[in-house]
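Have a look at the structure below before the remarks.
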Amino acid sequence: MKHGPYQFHKDEYPIDDSTNHPRKFQYHWFKSFPWLEYSPTQDAVYCFPCFLFYRKPVGRRGSDKFKVEGFKKWKKVNNGKDCAFLTHMGKDSKSAHNYAVKCYDNLKNKQCHLEQLVEKKREEDIKRNRLRLKVTIDVLRWLAFQACSFRGHDESVGSTNQGNFLEMVKLIASYDDEIGAIVLGNTPHNAKYTSPTIQKEIMHIIASNVQREIRKEIGDAKFCLLVDESRDESRREKMVVVIRFVDKNGFTRERFLDIVYVLDTSSATLKHSLSFVLAQHQLDVSKLHGQGYDGASNMRGEWNGLQAKFMEECPYAYYIHCFTHQLQLALLVASKEVADAHNFFDHLALVVTTVVSSSKRNDELHANQVVEMENLIELGELDTGSGANQVGTLQRPCDTRWSSHYASVCNLLNKYKPTLLVLKSIATSKGPGTSPSARAKANGAVKMMMSFDFIFILHVMKELMGITDLLCKKLQLKSQDIVNAMDGVKTTKVLIHKLRDNGWSKLKADVLSFCVKHGVKTPDFDSTNK
């Protein structure tokens, strides 16, 4: 179509085989009928528009001559109104030829093309769409990094709090007019990029990119699996998968690879889910050279545990019970072997549970802390400054976290008087919302906290647990070989011996000072010594 019909020019065209009056094609016909094209090999002419936009014959005899067979009966040309070329063109504007010519002209006219009629997106529209999407991505990344929830309870237009995501978008829009003009209510209904589906899709893309980079970092290296399972807030069982490997520079790396929902915590289910995760990231099980789990039977079972099932496929995937977990359990068990320590932790749990089990009691604890801080600041016994003197609550100890026991002891020491006031309030209150059992427990807790033995063990535990907690944190913060680990244990033993041999005087003075401050009756050490 760009070059038009093939109108071959020749000084002498071939003569037809007519015996009476031989004729031949005339070049000037091209001028009178510009739609003609000539084929030198066939010595015939065709209709260029009809050939391109061919339709079925309209029923007239010879209607395919100018489309398929080719026309070469020259005696029928220039025959007045019976001219074959005029007959092919037809007198009606709706004839097959005129329809083909119209199609031909329309296709050559780019202004009539469909892409010209469809509204084109301008560069400004593309820029706005990309900026709108960038705002959504940046807000989601920030919220995810800060471990904040995306959605709110009521995200309707009239809500006073539409959730973290929408409120953050509104905040950014308030500081930038360009963004404010393209987000939320100023966007097309199909391009807001704020729906939960879009949020999840973007987070999935980000997670996939992170996992892809972790996979590149692993390369062909051998790796170890670190796995633990727990229930989330929705009471669904989740399994966390961490990969431990040595990178190409020789450094040991640990990367959080995935979190997987599992129907149950049986070893078979966990094995199937882990195998699927490894296959999804193209990690060969044969390169698994280590397994690190907790001490649960479904994980460490010698015959049917998770570690045994992996060792059936890879005999080099040795199982190691988490050293830090073992250490914390050993410390907890060792502490409970001492009768006084065991009773102390039971009493500590009773005090903490009684105080923090109710929001009303927790608010009362906060109020007592504020009053105590104001008195100490007024007496000059408490320093002031940025970040100092924060109001908090008591912490429950956890069996698998030795550091939580240490934090619980420290919190009770720092909040001893506010806690005691809350317990006394519970023990003496007889209004609605109280029960005899609660009053009895609180009264027992008050008597226990006012005893010298409890105060003494509380201080002893703080000193001992402070030393052992340093060892736990040291082993937790970075990778340790057996030499450094044993060196840390040796240092801990030295500090404990030093406390036992040389720390009595200071410990005694601290305990007596604490008892005098809070009105706790102390024994007569001098008479005991005599």
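The values are calculated or read from the model by the stated rules, or taken from the named source; none is laboratory data. None of these values were measured; they are calculated from a predicted model. Note: ideal-geometry Cβ built from the backbone for every residue, glycine included; neighbour counts use all protein chains shown. The protein model used for the area step is the full one, side chains on, heavy atoms only, and it has no ligands, DNA or RNA in it. Shrake-Rupley method; radii C 1.70, N 1.55, O 1.52, S 1.80 Å.
Numbers at a glance
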read-out	value
Single residue of the stretch 394-418 satisfying the filter (at pLDDT 75 or above and among the hydroxyl-bearing types (Ser, Thr, Tyr)) that is most open to solvent (accessible area, probe 1.4 Å)	Tyr406
The stretch 38-54 residues that are open to solvent by 30 Å² or more (accessible area, probe 1.4 Å), paired with ones that are of a type in the set (Gly, Ala, Ser) and not in a helix (DSSP H, G or I) (beta carbon under 9 Å, 6 or more apart)	Gln42/Gly70; Tyr46/Ser39; Tyr46/Gly70
Test: residue in the stretch 28-36 that is modelled with pLDDT of 80 or more, open to solvent by less than 30 Å² (accessible area, probe 1.4 Å) and assigned to a helix (DSSP H, G or I)	yes
Near pairs, Cβ below 7 angstrom, 6+ apart or cross-chain, from the stretch 173-201 (under 16 Å from Ile126 (Cα atoms)) to any residue that is of a type in the set (D, E, K, R) and open to solvent by 60 Å² or more (accessible area, probe 1.4 Å)	Ile182/Arg128
Top-ranked residue in the stretch 162-203 [being among the aliphatic types (A, V, I, L, M) and in a loop (DSSP other than H, G, I, E, B); ranked as farthest from Thr136 (Cα to Cα)]	Ala181
Residue match in the stretch 452-465 (condition: at pLDDT below 75 and assigned to a helix (DSSP H, G or I))	no
Candidates Thr522, Thr491, filtered to the one that is modelled with pLDDT of 75 or more and within 30 Å of Phe245 (Cα to Cα)	Thr491
Close pairs (8 angstrom Cβ cut-off, 6 or more residues apart or separate chains): without any contact (Cβ under 8 Å) to a residue 40 or more places away in the chain in the stretch 96-110, open to solvent by 30 Å² or more (accessible area, probe 1.4 Å) anywhere	Asn98/Met89; Asn98/Asp92; Asn106/Cys112; Lys110/Gln116
Residue in the stretch 115-124 that is at pLDDT 85 or above and open to solvent by 70 Å² or more (accessible area, probe 1.4 Å) present	no
Scope the stretch 269-316; condition small (Gly, Ala, Ser) and modelled with pLDDT under 80; matching residues	Gly295, Ala296, Ser297, Gly301, Gly305
Identity of the residue in the stretch 142-180, surrounded by 13 or more Cβ atoms within 10 Å (Cβ to Cβ) and aliphatic (A, V, I, L, M), that ends up farthest from Arg128 (Cα to Cα)	Ala144
Hey, Lys530 open to solvent by 100 Å² or more (accessible area, probe 1.4 Å), over 18 Å from Glu463 (Cβ atoms), at pLDDT below 85 and under 42 Å from the mean Cα position of the chain (by Cα) or not	no
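Here is a yes/no grid of residues against (1) open to solvent by less than 100 Å² (accessible area, probe 1.4 Å); (2) in a loop (DSSP other than H, G, I, E, B); (3) of a type in the set (A, V, I, L, M, F, W, C); (4) at pLDDT below 75:
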position	(1), (2), (3), (4)
Pro57	yes, yes, no, yes
Gly62	yes, yes, no, yes
Lys67	yes, no, no, no
Phe85	yes, no, yes, no
